[in-house]
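One structure is given here, and the rest of the page talks about it.
The values are calculated or read from the model by the stated rules, or taken from the named source; none is laboratory data. Since we're looking at a predicted model, the values are computed, not measured. Cβ placement follows ideal geometry from the backbone for every residue including glycine, while neighbour counts extend to all protein chains displayed. Only protein heavy atoms, including side chains, enter the accessible area calculation; ligands, DNA and RNA are left aside. Shrake-Rupley method; radii C 1.70, N 1.55, O 1.52, S 1.80 Å.
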Amino acid sequence: VAKTALSEARTALALALYLLALRALVQLSLQRLVLSRTSGLQGEFDARQARDYLEHITAIGPRTTGSTENEILTVQYLLEQIKLIEAQSNSLHSISVDIQRPTGSFSIDFLGGFTSYYDNITNVVVKLEPRDGAESAILANCHFDSVANSPGKPWFYYSTSLGQFDSSIY
């Protein structure tokens, strides 16, 4: 009985130490990534700046596909921010921007099936690559439109996940 109690005490102590170490690691990460700086160091992710971008885009209001808020105002803001990033980037990389305005349709086999049609919507494609070129690149993309009848938060704000982020390696 005493041996079992000692074993349980050791297990409880080990679990407590593990949880304490995990808490310290989370706190350190939070301090380092979010709380410790007022602006990010060049070349490093800055969570506050990312949040500022999101809040600015959200402040534009609902950005349903095809609306002035989505197709013009948000695109202008994104292009301004891309130019600022380009001005701050080092000479080792080049940034190219391609604005696409596709029209098309696609079928969805959901609730009996339906066809979604889009006309002259705006895609902003940004490519970051070494200035001297590369054999492969990473393409990361995301939506900047919002759910219809929303207060302007991104569509993924309402989903159960953190959002949809598609990436491909070419």
Using the Karplus equation 6.51 cos²θ - 1.76 cosθ + 1.60 (θ = phi - 60°), what ³J(HN,Hα) coupling, rounded to whole Hz, does each residue of segment 104-116 give in order, writing x for Gly and Pro? x, 8, 8, 9, 10, 8, 9, 6, x, x, 7, 10, 9
Mind giving me the FRET efficiency for Tyr118 and Ile95? R0 is 45 Å, r the Cβ-Cβ distance, nearest 0.05 is fine. 0.95
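What FRET efficiency, computed as 1/(1 + (r/R0)^6) with R0 = 41 Å and r the Cβ-Cβ distance, is obtained for Ser107 and Ala16, rounded to the nearest 0.05? Display every interim value, and only then the final one.
Working: r = 56 Å, r/R0 = 1.36.
Here the calculated transfer efficiency is 0.15.
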Mind ranking Glu129, Glu135 by accessible surface for me, highest first, 1.4 Å probe? Glu135, Glu129
Residue by residue through segment 11-25, which ³J(HN,Hα) values in whole Hz follow from phi under the Karplus form 6.51 cos²θ - 1.76 cosθ + 1.60 (θ = phi - 60°), with glycine and proline marked x? 5, 5, 5, 4, 5, 4, 5, 4, 5, 5, 5, 4, 4, 5, 5
Prolate/oblate/rounded label for segment 99-150 (Cα gyration tensor, a/c 1.5): prolate
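So, R0 is 30 Å and r is the distance between the beta-carbons of Ala137 and Arg23; what FRET efficiency does that work out to, to 0.05? Mind showing how you got there, number by number?
Numbers: r = 39 Å, r/R0 = 1.30.
About 0.15, to the nearest 0.05.
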For Ser94, other-chain or 5+-apart residues with amide H closer than 5 Å (H placed, Pro excluded) are Glu129, Arg131
